[in-house]
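Please read the structure below before turning to the comments.
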Amino acid sequence: MIIVALDIYLELVPLLVFLIFLRKSKAETGIRLIVAYSTIIFLINFLLLYWRKLPLLYDSFTLIECLFFCSFLYTQLKSQTSKKLLRLCCLVFTVCYIGFTIYAKMATDTSSIPTNQVMMDSIPIGVETILLLAFSFYFLYERTKDTTTLFIYNTYQFWIVLGIVLYLAGSFFIYIFCNYLSPAEVRKYWVVTNFFSILRTLFFAIAIVYNSKPPRNNTLVTDFELTYLN
């Protein structure tokens, strides 16, 4: 219970760091999206922690997370083709997610589900994870091919994407098999999800700090300048 509460309240760290460095922080759309995401996720988890009978919040969690992460990646991708593909995938996922949620609610016999067990939307979470991981790795591929940046880890985008990748990959199997475990087993293994969620939040905070720093000269040395090294 302690790590669950820690996970929830740490979601406020990106917002607090953003407010602390507000004057130094650049007006980056990506940073504002991540701060908004962390704040909204905190509110959802806080409400679910004390008021569990809010099925709409459970149903909307995955969709909200996917839309925020897709929006962030969309603002950072350089290839117009990849941006169009991401936009199409996000639209298809949203429509299918809403349809799947409605169908699952109508087809599931809720009377057979224990009151202390929450059914996860495992299929949409699996699709969301694969979708976001694919575009996250493509983003990293783009940045490694970008000759204007010498050290990719000196950019705030790297830390955000790293947080997203570790969080999604680390909690993937727990979410997928959650519905096949007993409540006791879920509580036992859920700490893994909490750990990667906390790690994601800390990486988001690091990204905000990097965004507030003065720009560094990360450009590669030109061929002309390299001749003086010979």
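The values are calculated or read from the model by the stated rules, or taken from the named source; none is laboratory data. Bear in mind the structure is a predicted one, so any value in this text is a computation, not a measurement. Cβ coordinates were reconstructed from backbone atoms using ideal geometry, including for glycine residues, and neighbour counts include every protein chain displayed.
Scanning region 185-198 finds no residues that are within 15 Å of E65 (Cβ to Cβ), in a helix (DSSP H, G or I) and among the charged types (D, E, K, R). Could you give every pair whose Cβ atoms fall below 7 Å, whose first residue belongs to region 51-63 and is over 22 Å from L91 (Cβ atoms) and part of a helix (DSSP H, G or I), and whose second residue is among the β-branched types (V, I, T) and at pLDDT below 75, counting only separations of at least 6 or pairs across chains? Short answer, once both residue conditions are applied: Y58/V118.
When Q157 is tested against (1) surrounded by 15 or more Cβ atoms within 10 Å (Cβ to Cβ); (2) within 23 Å of C96 (Cα to Cα), only condition (2) is not met. Kindly indicate whether F93 is closer than 23 Å to E128 by Cα, of a type outside the set (D, E), surrounded by 15 or more Cβ atoms within 10 Å (Cβ to Cβ) and touching a Leu at 6+ places or on another chain (Cβ under 6 Å). Taking the combined requirement at face value, the residue does not satisfy it.
Every residue in region 40-63 that is in contact with a helix residue (DSSP H, G or I) (Cβ under 7 Å, 6 or more places away or on another chain), farther than 20 Å from I98 by Cα and at pLDDT below 90, please. Listed by number, the residues that qualify are N45, F46, L47, L48, L49.
Considering only residues of region 184-209 that are in contact with a Pro (Cβ under 7 Å, 6 or more places away or on another chain) and hydrophobic (A, V, I, L, M, F, W, C), which is farthest from L22 (Cα to Cα)? Here the answer is F204.
Of all the residues in region 73-89, those that are among the polar types (S, T, N, Q), closer than 23 Å to Y156 by Cα and assigned to a helix (DSSP H, G or I) number 4.
In region 169-184, is there at least one residue being surrounded by 20 or more Cβ atoms within 10 Å (Cβ to Cβ), more than 17 Å from F72 (Cα to Cα) and at pLDDT below 85? Yes, region 169-184 has at least one match. Each residue in region 1-16 was checked for being outside any helix (DSSP H, G or I), closer than 12 Å to L199 by Cα and among the aliphatic types (A, V, I, L, M), and 0 of them qualify. Cβ separations smaller than 6 Å between residues 6+ apart or across chains give the following pairs from region 157-176 residues that are touching a residue at least 24 places away in the same chain (Cβ under 8 Å) to residues that are basic (K, R) and in a helix (DSSP H, G or I): G163/R200; Y167/R200.
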